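Right, one structure below, let's go through it.
The values are calculated or read from the model by the stated rules, or taken from the named source; none is laboratory data. These figures come from a predicted structure and were not determined experimentally. Quick reminder, even Gly has a Cβ in these numbers, built from the backbone with ideal geometry, and neighbours come from all protein chains shown. SASA here: full protein model, heavy atoms, side chains in, ligands and nucleic acids out. Shrake-Rupley method; radii C 1.70, N 1.55, O 1.52, S 1.80 Å.
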Amino acid sequence: MAQFPTNLNEAIEWLASFGGEPEGGVTRTLYSQPWKEAQQALKGWMEEVGLLTYYDAIGNLFGRLPSPNLNAPTILIGSHVDTVKSGGKYDGAYGIIAGVLALLHLKKQYGEPSINLEVVSFCEEEGSRFPVALWGSGMMTGIYSYKDINNIKDSEGISFETAMMAAGFGLTEYRVRKDIQTFIELHIEQGPTLEKVEKSIGIVKAIVGQKRFRVTVSGESNHVGTTSMKWRQDALHGAVNMIHDLYESVKEYDEDLVTSVGQLFVEPNVPNVIPNHVQFTVDARHPKESVLHSFCQRFTEQFHDHAQKMNLDSQVEMWHEVQPAQMDHSLNEIIQSICTSNSITFHRMNSGAGHDAQLFARICPTTILFVPSQGGISHSPLEYTSTQDLEKGLEVLIQLLHQLAYNH
Ligand code: HGY
Ligand code: MN
Ligand code: MN
């Protein structure tokens, strides 16, 4: 294959090769070698298609199609380049690739826009290497600052700051942009809804709020054979009771509330030793902040009750929280009219996944549109979206940007 892709499908495979794994997954975590290579390759591709490229101070990469009007604002499109561990080819990547192809098409077809158009490859959204998520958009919107990464380390003990500086970023003060007029993200749905309702485009009304916790349970390790059940301080038994209650409590709320324990570490993790230390994560989400808050308060109290009854110590620490975000109604109306006039089916829905659009919605008119995920699978090597669906999403994005950025 030539150095740079010439179409959507080629670009998906090309970008997935950076951090690609033999079993088909992709691992491209913030400031890692595959991450650096992917950003550099995207920069080369953006330049090849005629965009002006640059990095900001933390490693967000931009490709700009400028307006001749020096005072024009900027419409930003794009998504995140990082992935979860052994993730899919489309999560984040599709939004960046579609952004580059859309600007290439608009430049060829209509020349210079009256409003600057920029595609961004956000450095990080997932929170899969460090316990910080939405780093790229969080800094761009001014919601985060460098102090938010103080004392943050990855699972190998490498500090966020060390990794950022080793990649050549974080060396200068961060300047929040004031020229962003609109943010639009194109993304795979990562769920089963569009496939079930047999529609091609998801027009997102709101993105759910989410809270992520690290729970630590401490007891006392001892010999499994000589310690009677009544004398134990078994951290794993305590954690199991907590997790059981978590999944029971969620049933008492409406079906929009979701929660998961995605990670669990046991120490000393030896078959004939009673565990003295357990750490697990809780991810909880809902479109309404009040419901999310009440659920999180409830399970936190339940966890501490279990710990107290079992003579254990417990810590429940929230490390990530993002409010639910409403998407822009007038942008969504334009998307709906584009779908209708192109006979592209659409479905109005919420997003259960968090996205960079969630933060941009706080500073400017923002929306995110979805294309279907086959089987609703995501964050997995089995993540897949058909070329036809990918192309439809790109077509809607192109027409939306043409309406917004080219004076007729
Ligand atoms: O976890 C999420 O919602 C997103 O995929 N980062
Ligand atoms: Mn994701
Ligand atoms: Mn994503």
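Residue count for the stretch 204-239, restricted to those that are assigned to a strand (DSSP E or B), open to solvent by less than 50 Å² (accessible area, probe 1.4 Å) and out of contact with any Ser or Thr (no Cβ under 6 Å at 6 or more places or on another chain): 10. Considering (1) closer than 23 Å to TYR384 by Cα; (2) in contact with a helix residue (DSSP H, G or I) (Cβ under 6 Å, 6 or more places away or on another chain), the lone condition that THR53 does not fulfil carries the number (1).
The residue that is nearest to ALA133 (Cα to Cα), among those in the stretch 21-46 that are open to solvent by 40 Å² or more (accessible area, probe 1.4 Å) and in contact (Cβ under 8 Å) with a residue 12 or more places away in the chain, is LYS36. Of everything in the stretch 51-91, what is more than 16 Å from ligand 2 (Cβ to nearest atom) and hydroxyl-bearing (Ser, Thr, Tyr)? Give them in sequence order. THR53, TYR54, TYR55, SER67, THR74 - these are the residues of the stretch 51-91 that are more than 16 Å from ligand 2 (Cβ to nearest atom) and hydroxyl-bearing (Ser, Thr, Tyr). You will find that of PRO381, PRO372, PRO365, the residue that is more than 16 Å from the chain's Cα centre (by Cα) and either within 13 Å of ligand 3 (Cβ to nearest atom) or crowded, with 23+ Cβ neighbours inside 10 Å (or both) is PRO372 and no other.
Of the residues examined, GLY157 is one that is on the phi > 0 side of the Ramachandran plot and surrounded by fewer than 16 Cβ atoms within 10 Å (Cβ to Cβ). Identify all residues within the stretch 261-319 that are surrounded by 17 or more Cβ atoms within 10 Å (Cβ to Cβ) and aromatic (Phe, Trp, Tyr); write none if there are none. Passing the criteria: PHE280, PHE295, PHE299, PHE303.
In the stretch 47-58, the residue that is most open to solvent (accessible area, probe 1.4 Å) out of those that are touching a strand residue (DSSP E or B) at 6+ places or on another chain (Cβ under 9 Å) and touching a residue at least 24 places away in the same chain (Cβ under 8 Å) is TYR55. Which one is nearest to ligand 3 (Cβ to nearest atom), of the residues in the stretch 110-123 that are in contact (Cβ under 8 Å) with a residue 60 or more places away in the chain and open to solvent by 10 Å² or more (accessible area, probe 1.4 Å)? Filtering the stretch 110-123 for residues that are in contact (Cβ under 8 Å) with a residue 60 or more places away in the chain and open to solvent by 10 Å² or more (accessible area, probe 1.4 Å), the one nearest to ligand 3 (Cβ to nearest atom) comes out as ILE115. Taken as a whole, the structure leaves GLY354 outside the set of residues that are over 27 Å from MET140 (Cβ atoms), open to solvent by less than 60 Å² (accessible area, probe 1.4 Å) and within 16 Å of ligand 2 (Cβ to nearest atom).
A search for C-beta distances below 6 Å between a residue of the stretch 89-103 that is under 20 Å from GLU23 (Cα atoms) and any residue that is away from ligand 1 (no atom under 14 Å from the Cβ), counting only pairs 6+ apart in sequence or on different chains, returns LYS89/ILE12; LYS89/ALA16; TYR90/THR385; ALA93/LEU15.
Condition check for SER249 on (1) in contact with a strand residue (DSSP E or B) (Cβ under 7 Å, 6 or more places away or on another chain); (2) among the hydroxyl-bearing types (Ser, Thr, Tyr); (3) without any contact (Cβ under 8 Å) to a residue 60 or more places away in the chain: one failure, at (1).
Would you point out the residue of the stretch 328-362, among those that are of a type in the set (Ser, Thr, Tyr) and under 20 Å from THR193 (Cβ atoms), that is nearest to ligand 3 (Cβ to nearest atom)? Selected residue: SER351. Of all the residues in the stretch 73-102, those that are open to solvent by 10 Å² or more (accessible area, probe 1.4 Å) and over 16 Å from GLY354 (Cα atoms) number 5. Counting only helices (runs of 4 or more DSSP H) that sit wholly inside the stretch 277-389, those with at least 1 residues that are more than 16 Å from ligand 1 (Cβ to nearest atom) are 289-309, 329-341.
Taking every residue in the stretch 375-396 that is among the basic types (Lys, Arg) and pairing it with any residue that is crowded, with 16+ Cβ neighbours inside 10 Å and modelled with pLDDT of 95 or more, at least 6 positions away or on another chain, the pairs with Cβ-Cβ distances below 7 Å are LYS392/SER200; LYS392/ILE201; LYS392/ILE344; LYS392/VAL371. Of all residues in the stretch 276-312, count the ones that are within 27 Å of the chain's Cα centre (by Cα) and aliphatic (A, V, I, L, M). Going through the stretch 276-312 one residue at a time, the tally reaches 5.
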